[in-house]
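Heads up: the structure comes next, in structure tokens.
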Amino acid sequence: MKLLTLAIAVVSTVIVLSVTAQETVNPGGLATIRGVATIDETRPAEKLKRVIKDKNPIARNYVHQPPVVPHQIRGYRVDLNSNKCLSCHSWKYAAETGATKISLTHFETRDGKTLSDVSPRRYFCSQCHVTQADAAPLVDNTFEPVESLGNE
Ligand code: HEC
Ligand code: HEC
């Protein structure tokens, strides 16, 4: 009998707790990057930003930063059979297209071997190189770029 009472007590505690958990999905007015919205609320996605069309390279902020892409890349396919980025940025085509050549590091495997063509770990360019939009920063940032890279 004692055991039954205990079991009932445990079960009712679990029910009470789960009901309370459901009621506390409201983050209490805390504004996050997704805005002030309850956790169970699906907000409409933000409008896509217009990617800049600028052609001049954008100054880098720190050594070893993958330079950001100063042009649109919509429709540039990168798959098993072709890599649109390399049709301009490879050493073979860079001179005629005026694009920056991929650097020597892009020929190196993770074991430090230098290949005769772009290394598989550098094949999917937009994994590291991203386009830019004229958008306000999501969070405040006091990062100062280093002067040696030509930043003001
Ligand atoms: C039609 C040719 C073309 C294609 C295709 C192309 N680019 Fe470019 N890219 C350029 C040119 C031209 C520049 C500007 C170079 C300059 O002005 O010095 C550039 C600049 C860049 C830069 C800046 C380099 C730097 O030193 O700051 C990056 C990064 C870049 N492109 C990445 C990409 C990626 C990633 C793709 C594929 C998704 C791509 N590009 C496809 C022509 C191209
Ligand atoms: C895993 C991350 C990564 C991938 C993938 C990658 N890059 Fe880079 N890229 C970098 C970094 C980091 C730098 C700057 C340091 C360096 O040169 O290695 C860079 C530099 C560059 C530069 C400037 C070279 C210079 O001499 O200033 C170009 C152009 C570039 N990448 C194009 C590409 C293209 C095109 C692809 C796809 C074929 C690609 N990258 C894939 C990380 C990456």
Original post:
Taking the stretch 126-146, which residues are in a strand (DSSP E or B), of a type in the set (Ser, Thr, Tyr) and surrounded by fewer than 11 Cβ atoms within 10 Å (Cβ to Cβ)?
Top reply: none
**OP:** Could you tell me which numbered condition Tyr76 fails, if it satisfies all but one of (1) in a loop (DSSP other than H, G, I, E, B); (2) touching a helix residue (DSSP H, G or I) at 6+ places or on another chain (Cβ under 6 Å); (3) near ligand 1 (Cβ under 8 Å from one of its atoms); (4) more than 23 Å from Leu149 (Cβ to Cβ)?
**Re:** (2)
**OP:** Might you check whether a residue that is closer than 30 Å to Ile33 by Cβ, exposed (fewer than 13 other Cβ atoms within 10 Å of the Cβ) and either touching a residue at least 24 places away in the same chain (Cβ under 8 Å) or not assigned by TED's automatic domain parsing to the domain that holds Arg34 (or both) occurs anywhere in the stretch 84-104?
**Re:** no
Subject >> Pairs with Cβ under 9 Å, 6+ apart, first in the stretch 124-144 and closer than 20 Å to Lys55 by Cβ, second away from ligand 2 (no atom under 16 Å from the Cβ) and not in a loop (DSSP other than H, G, I, E, B) >> reply: Thr131/Val51; Gln132/Val51; Ala133/Val51
**OP:** Please work out which residue is farthest from Val69 (Cα to Cα), limiting yourself to the stretch 86-109 and to residues that are within 11 Å of ligand 1 (Cβ to nearest atom), among the aliphatic types (A, V, I, L, M) and in a helix (DSSP H, G or I).
**Re:** Ala94
Original post:
Residues in the stretch 37-46: is at least one surrounded by fewer than 13 Cβ atoms within 10 Å (Cβ to Cβ), out of contact with any His (no Cβ under 7 Å at 6 or more places or on another chain) and under 26 Å from Leu149 (Cα atoms)?
Top reply: no
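The values are calculated or read from the model by the stated rules, or taken from the named source; none is laboratory data. Just so we're clear, the structure is a prediction, and the values are computed from it rather than from any experiment. Neighbour counts run over all protein chains shown; Cβ positions are idealised from the backbone, glycine included.
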